[in-house]
Amino acid sequence: MTLSSDRIAVGAVELDLLRPAAPEALIDEEAFAQDEFLPYWAELWPAAVALAEALPDVAALRVVELGCGLGLPSLLAAARGAHVTATDWAADAIELLRENAGRNGLDLVAEVRDWREPWPERFDLALAADVLYERRNVEPLLDRLRELAPIAYVGLAGRPFEPEFVRRAGRVEEIADRVIRISP
């Protein structure tokens, strides 16, 4: 995989971000046939940038990001003093996120995890950006966000299943363009 390097500035934080130079070259027909897997993780999506820009004060908070992809919100949260666990079901995404954390002198936990499956850990804040590509993900995402943290920030991208997600999320507040806060 050929990588390109970008300097990304969010507020006062500048990050050196490696990312695939040609994400479309990562498409694997066999992986798609198995679970409709596409390398969505390999793009720096506008919803992830919006979520990173909208992060609240996270210093000393335990933060989890679901479907982190390149992990810009996770990297920014770690740079701002959060204890971050970033998850994605794509092993390549997690490997590259670990490399990007190291390049930026940041400490975070990055692990391969399918957020459709429950897990027992608890956090102060949950994050997700542009992860609602399919209707089948609405309910599992809502379940994980509710189970993992009392507050969630979600970056939206205008996908067809987002209105259903927002309607079922409960108490929702728009905190920035493309970003909502979900709370009890």
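The values are calculated or read from the model by the stated rules, or taken from the named source; none is laboratory data. Note that the structure is predicted; figures quoted are calculated from it, not measured. Please note: Cβ atoms are built from the backbone with ideal geometry, for glycine as well, and neighbour counts cover all protein chains shown. Areas reflect the complete protein model, heavy atoms only, side chains present, ligands, DNA and RNA absent. Shrake-Rupley method; radii C 1.70, N 1.55, O 1.52, S 1.80 Å.
Worth a mention:
- For residue 69, the conditions (1) open to solvent by less than 10 Å² (accessible area, probe 1.4 Å); (2) modelled with pLDDT of 95 or more are fulfilled apart from (2).
- Selected residue (criterion: nearest to residue 76 (Cα to Cα)) from residues of region 14-29 that are surrounded by fewer than 15 Cβ atoms within 10 Å (Cβ to Cβ) and modelled with pLDDT of 60 or more: 14
- Unmet criterion (only one of (1) more than 18 Å from residue 15 (Cβ to Cβ); (2) crowded, with 18+ Cβ neighbours inside 10 Å) for residue 74: (1)
- Criterion (touching a Lys or Arg at 6+ places or on another chain (Cβ under 7 Å) and either more than 16 Å from residue 70 (Cα to Cα) or hydroxyl-bearing (Ser, Thr, Tyr) (or both)) met by exactly one of 125, 145, 132: 132
- Within region 86-122, tally of residues that are crowded, with 21+ Cβ neighbours inside 10 Å, in contact with a strand residue (DSSP E or B) (Cβ under 6 Å, 6 or more places away or on another chain) and closer than 18 Å to residue 149 by Cα: 5
- Close Cβ contacts (under 9 Å, 6 or more residues apart or on different chains) running from residues in region 154-169 that are touching a residue at least 60 places away in the same chain (Cβ under 8 Å) to residues that are in a helix (DSSP H, G or I) and open to solvent by 30 Å² or more (accessible area, probe 1.4 Å) comprise 154/166; 155/46; 155/49; 156/166; 157/46.
- Residues of region 169-183 that are part of a strand (DSSP E or B) and in contact with a helix residue (DSSP H, G or I) (Cβ under 7 Å, 6 or more places away or on another chain): 172, 175, 176, 179, 180, 182.
- Where residue 183 falls short, out of the listed (1) small (Gly, Ala, Ser); (2) open to solvent by 20 Å² or more (accessible area, probe 1.4 Å); (3) touching a strand residue (DSSP E or B) at 6+ places or on another chain (Cβ under 8 Å): (2)
- Meets criteria (exposed (fewer than 12 other Cβ atoms within 10 Å of the Cβ) and either touching a residue at least 40 places away in the same chain (Cβ under 8 Å) or farther than 18 Å from residue 51 by Cβ (or both)) for residue 134: yes
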